[in-house]
Amino acid sequence: MKEVDVILRHLPDRDTVKELICQVGFLKNFLNFAKSNKIMMRVCSLALIGIMSVGVSIAAAGITLGLKVNYAGAIIATIKNSGVFDTARKIAVDHIESSDAESVIENPSFSMTLTVSNRLDSAVTVADAIIENTGDVVKAAALNVNGERVACSEPEVITNLLEARRTEFDIEGAQNSSEFTDDVETVGGYFLKSEVTGKEELSSVIESLEVKTVSVITSDTEIPFSKETVKTSKQLIGYSKVTTAGQNGITRKTENIEAVNGKVVTRTELDSIVVKEPVTQVTTVGTAISTASPAQRSEERSAGFICPLKRGSFVITSYYGDGRNHKGMDLGADKGTPIYAAAAGTVISSGYEGDYGYSVVIDHGNGYKTRYAHASALCVKKGQTVSQGDVVAYVGSTGYSTGNHLHFEIIKNGSRVNPVSYIGLD
Ligand SMILES: [Zn+2]
């Protein structure tokens, strides 16, 4: 059984104590009466025994006189004497983080009381009670920078603001470690309400702290693909096709970035690897002026056509095909250069014909027709027969044309074929 329980058991209740005090008063009177009354001596000695037994029982219970401390409107402790409060006051003042602490401690009032000696409060306990009951004192935290207090506020408020400031310059997606360059610490304690830092001031104090951030960041950069052209004689001049699509590669770089208040101080490359090689774009272009077989070309050469412009009077500006479904050959020449019938035949068309502009079509009667387009002037009429080498028109740029040239077509059984071998330009 605990000692406290024993005491409680022996502790007389309020009524008993009152009765005891009454008994003491009664016995005093009784003793005076007994002194003057010898007859009563025997009775007196009996009474004395009673008084002594009461005294013994009070001492056994540890009952003692004490002082109730009334502080700031509340009973905060029971102490042995006022000296305990003086000591407590000193302890409390020491515990409050202010040079003005003394001024906020109120003066107590005391009242006598009977109590159990074990129940008397110690100076340390009373100091705690003083702090707790002093309205001008709050539990808070000091923000110390390099050992000097720069602010004071609720610990949580300081902690949150410090954390926000410390991580303010972290780079998203990086591994960051950041710290204040100064020695920053928060110390909990008791402070005067009047010395608690205002919100705005606290924010500005914390925002003025310098932060060093070290970030390890990995980033990808594209490696642009290169381009390459491959020539093929299997396709006509003008043919162009992307045969391998280009793809950008990727370089993955890891860097260590040190910054102060977000301003980069050093940037060190830790690693750089190509995680994806670029793929070269390949464009295949045609170099052939004809895709016909040698035998076929030889046959076409001997089909009986001549070149419709005199050698030396023109340059080939576009071949058949030419990547744009060009169904004839373009021979660039000066305006007015004579155009000759490639073979003998009958003019079946001579006039202005849409995109062809001024043009002539001759039917050679053996399944072949020829067309001469973009002329500046025409020399033949529909229905007229012409011999090979007759002038049928003059070079121009009529119709859908961007410059003086002859657009020449050979139509074999209704289909426009490549004239290059027929007119000996291959
Ligand atoms: Zn053309």
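The values are calculated or read from the model by the stated rules, or taken from the named source; none is laboratory data. Nothing here was measured: the structure is a model prediction, and the numbers come from that model. Neighbour counts are summed over all protein chains in view; Cβ atoms, including those assigned to glycine, are modelled from backbone coordinates with ideal geometry. SASA here: full protein model, heavy atoms, side chains in, ligands and nucleic acids out. Shrake-Rupley method; radii C 1.70, N 1.55, O 1.52, S 1.80 Å.
A few comments on the model shown:
- Each peptide in 207-213, 75-81 receives the mean, over its residues, of other Cβ atoms within 10 Å, and ordering these scores from highest gives 75-81, 207-213.
- Remark: relative contact order (the chain) = 9 percent; criterion is Cα-Cα distance under 8 angstrom and separation of 6 or more residues.
- Among 109-121, 355-367, 257-269, the order from most to least packed when residues are scored by Cβ within 10 Å on average: 355-367, 109-121, 257-269
- Solvent exposure of the chain amounts to 58 Å² per residue of accessible area, where only protein heavy atoms count and the probe is 1.4 Å.
- Cβ-defined net charge surrounding SER103, 13 Å radius [Lys, Arg +1; Asp, Glu -1]: -3
- Straightening the chain between VAL279 and VAL315 buys 9.1 nm, computed as 0.36 nm per residue apart minus the Cα-Cα spacing.
- When shorter helices are ignored and each DSSP H run of at least 4 residues is given -39500 (n - 2.57), the per-residue value for the chain at 222 nm works out to -8000 deg cm²/dmol.
- Segment LYS231-GLU168, length gained on full extension (0.36 nm per residue, minus Cα span): 16.9 nm
- With coordinates expressed along the principal axes, the C-alpha atoms belonging to the chain extend over 187, 42, 41 Å, beginning with the largest.
- Accessible surface ranking for LYS193, LYS369, 1.4 angstrom probe, highest first: LYS193, LYS369.
- Using a Förster distance of 22 Å, the FRET efficiency for ALA72-ASP94 (Cβ separation, nearest 0.05): 0.70
- Translational D in µm²/s for the stretch 179-232 (Stokes-Einstein at 10 °C, 1.306 mPa s, Kirkwood Rh from C-alpha pairs): 92
- Each residue of the stretch 228-245 is assigned a 3J(HN,Hα), and the resulting list reads 9, 10, 10, 8, 9, 7, 7, 10, 5, 4, x, 6, 8, 8, 6, 9, 9, 6 Hz, derived from the Karplus form 6.51 cos²θ - 1.76 cosθ + 1.60 (θ = phi - 60°), x at Gly and Pro.
- Cross-link check: pairs LYS68/LYS90; LYS310/LYS381; LYS234/LYS310; LYS227/LYS276; LYS212/LYS253; LYS231/LYS412 evaluated at a Cα-Cα cut-off of 24 Å; pairs beyond the cut-off: LYS234/LYS310; LYS231/LYS412.
- Long hydrophobic helices in the chain: the complete DSSP H runs spanning 27 Å or more by Cα along their own axis with mean Kyte-Doolittle hydropathy of at least 1.0 are 41-61.
- Alpha-carbon Debye profile of the stretch 140-209, log10 I(q)/I(0) at 0.15, 0.16, 0.18, 0.21 Å⁻¹: -0.48, -0.54, -0.66, -0.85
- A protection proxy built from the mean count of other Cβ atoms within 10 Å ranks the segments 377-387, 335-345, most packed first, as 335-345, 377-387.
- Rolling a 1.4 Å probe over the protein heavy atoms of the chain, with every protein chain left in place, gives an accessible area that is 50 percent carbon and sulfur.
- Listed by chain and number, the aspartates and glutamates whose alpha-carbon sits under 20 Å from that of LYS263, ignoring those within fewer than 8 places in the same chain, are GLU163, GLU168, ASP170, GLU172, GLU179, ASP182, GLU207, GLU210, GLU255.
- Whole-angstrom gap from the stretch 138-206 to the stretch 66-83, using each part's C-alpha centre: 38
- Using the alpha-carbon positions of the stretch 224-307, Rg (one decimal) and Dmax (whole number) come out as 26.4, 87 Å.
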